[in-house]
1. Just name the residue that is nearest to S29 (Cα to Cα) out of those in the stretch 72-119 that are loosely packed, with under 14 Cβ neighbours inside 10 Å and small (G, A, S).
2. Only one of L146, L180 is open to solvent by 10 Å² or more (accessible area, probe 1.4 Å), in a helix (DSSP H, G or I), closer than 26 Å to E80 by Cα and in contact (Cβ under 8 Å) with a residue 24 or more places away in the chain; which?
3. Take the stretch 304-318 and flag every residue that is open to solvent by 10 Å² or more (accessible area, probe 1.4 Å) and at pLDDT 95 or above.
4. Tell me which residues, restricted to the stretch 360-382, are more than 20 Å from G8 (Cβ to Cβ) and in a helix (DSSP H, G or I).
5. In this structure, is D357 part of a helix (DSSP H, G or I) and open to solvent by 70 Å² or more (accessible area, probe 1.4 Å)?
6. Which of (1) of a type outside the set (G, A, S); (2) at pLDDT below 95; (3) more than 22 Å from T124 (Cα to Cα) is the odd one out, the single condition T284 does not satisfy?
7. Taking only pairs six or more apart or across chains, which ones have beta-carbon atoms under 7 Å, a first residue in the stretch 11-39 that is at positive phi, and a second residue that is β-branched (V, I, T) and at pLDDT 95 or above?
8. Going by the conditions given, is I291 surrounded by 15 or more Cβ atoms within 10 Å (Cβ to Cβ) and within 16 Å of ligand 2 (Cβ to nearest atom)?
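The values are calculated or read from the model by the stated rules, or taken from the named source; none is laboratory data. What you see is a predicted model; the values in this text were computed from it and never measured. Here Cβ is always computed from backbone atoms with ideal geometry, including for glycine, and neighbour counts include all displayed protein chains. In case anyone asks, the SASA skips ligands and DNA or RNA and just uses the protein heavy atoms, side chains included. Shrake-Rupley method; radii C 1.70, N 1.55, O 1.52, S 1.80 Å.
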Amino acid sequence: MDNLCIVGLQWGDEGKGKVVDYLADGFESVVRFNGGSNAGHTVVVNGSRHVFHILPSAALKSKKLLIAAGVAVDPEVLSEELSLVKSLRTRTVVDFRATTVSPLEKMMDATLEDFRGSSALGTTRRGVGPAYALRALRLSPRVGDLVSDSYDMTTIRDFYKNFLPEVPDMEGWRKKSKMLLEELTGNVSDLVNEINDRNGAVMFEGSQGTLLDLLHGTYPFVTSSGTLSNYVPESVGVPPSRVGDVMGVAKCYTTRVGSGPFPTEMDEAGAQRIRIEGKEYGSTTGRPRRIGWLDLVSLKYAVRMNGARKLSLTKLDVLARLKEFKVCEAYSVDGEETEDFSRCLMEMDRVKPVYSDGWSIKGRLGANGIPGSVQELIDHIEEKLRVEVKLVSYGEDRSMTFER
Ligand code: IMP
Ligand code: MG
């Protein structure tokens with residue numbers, strides 16, 4: 001069996017957590033490969049809801065949980081999440097090379113947002129951007145540094161004195177983090193390569209989404225790490241040939257939290273309806289998500305950039321409750337029509353969506369759980385995106401995901 005890489009194809013919150021939980025059974029281990037506790041991955045089992053910010057979303061299955069070198073690890077969030085279930089501590093390994101996030105980075109995140117004023121990005125303020133920036137500046141302590149007795153926080157505190165009005169004493173945080181990470185630190189790259197060497201398979205779990213990728217997304221309204229399948233080899237420390245099959249996850253409409261362009265965004269009255277039906281509030285910050293129609297232009301780009309041959313389509317139950325919905329087939333920029341998303345990246349604020357409308361999903365769930373009337377939409381997506389729709393979800397519970 002091959003490795004499998006799960007990535008978001010929109011601006012995050014596509015339902016990756018649900019898909020990872022659903023598919024985890026066939027894999028020895030699930031590896032979270034990007035971002036930090038800016039992510040919120042929701043898994044619902046028998047009506048009870050679990051949100052993971054840093055642990056892989058297979059936490060509820062008895063799988064080995066690996067956190068790759070390319071993740072920004074906040075020990076306070078990790079500690080809280082591990083305390084939810086006893087067995088988690090013995091199943092979790094954090095790569096010793098991973099970048100760490102402290103209260104200083106969270107303060108810096110807020111300071112930078114205030115500095116931007118009316119052009120704030122609307123970050124989650126979880127300190128992830130500053131942590132990656134400090135890594136690039138070669139100032140950030142790694143997990144392995146916090147574990148080592150010789151590391152001290154003087155340089156980093158002195159650095160932050162240039163930017164923050166007050167820099168707290170970090171000794172308490174340092175001690176707690178050391179105690180936690182000592183138990184968890186390991187070599188994730190070796191672990192994954194060893195599993196693959198003996199023909200075992202792992203799943204790579206991405207967070208955020210393609211359009212939030214630092215290089216290939218809607219910059220500057222993006223997150224601070226890679227979000228595409230191409231970030232797996234760098235982050236995990238495996239050769240590109242081990243990324244495996246790529247499955248993209250997309251909602252059958254679009255949402256976005258935070259600022260930035262959003263061509264298919266709908267008016268507030270329509271948004272409100274879907275927001276309530278689809279519980280579209282940020283799972284990390286609680287912010288109401290912005291809502292728009294399905295956008296096949298950006299989705300086509302995302303499928304291509306990730307090399308996704310499989311697609312998981314989520315939240316069809318929400319669309320089924322609408323009388324009618326629209327699908328964006330092309331963009332119009334200054335009167336010229338295009339289906340090429342990357343061509344529009346420098347002029348995103350002038351993009352107007354071109355829709356096909358009159359779509360609807362009706363009727364009861366069939367034998368495989370999917371109403372017959374969804375077929376037309378799935379055929380259209382498969383044809384236009386050149387991808388196979390493999391999973392369809394019709395509700396948030398694990399039991400409402402169906403294979404095709
Ligand atoms: P940051 O990643 O906290 O720096 O935030 C940068 C942008 O990415 C903001 O628009 C956030 O709302 C968005 N963002 C970050 N993580 C997620 C996520 O997991 N889901 C959805 N949006 C996210
Ligand atoms: Mg989320």
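1. The selected residue is S87.
2. Exactly one residue qualifies, and that residue is L180.
3. R304, M305, G307, R309, K310, K315
4. G372, S373, V374, Q375, E376, D379, H380 - these are the residues of the stretch 360-382 that are more than 20 Å from G8 (Cβ to Cβ) and in a helix (DSSP H, G or I).
5. no
6. Condition not satisfied by T284: (3).
7. Within 7 Å, the pairs are D13/T255; G15/V249; G15/T314; G35/V71; G35/V128; G35/T223.
8. Yes: the conditions hold for I291.
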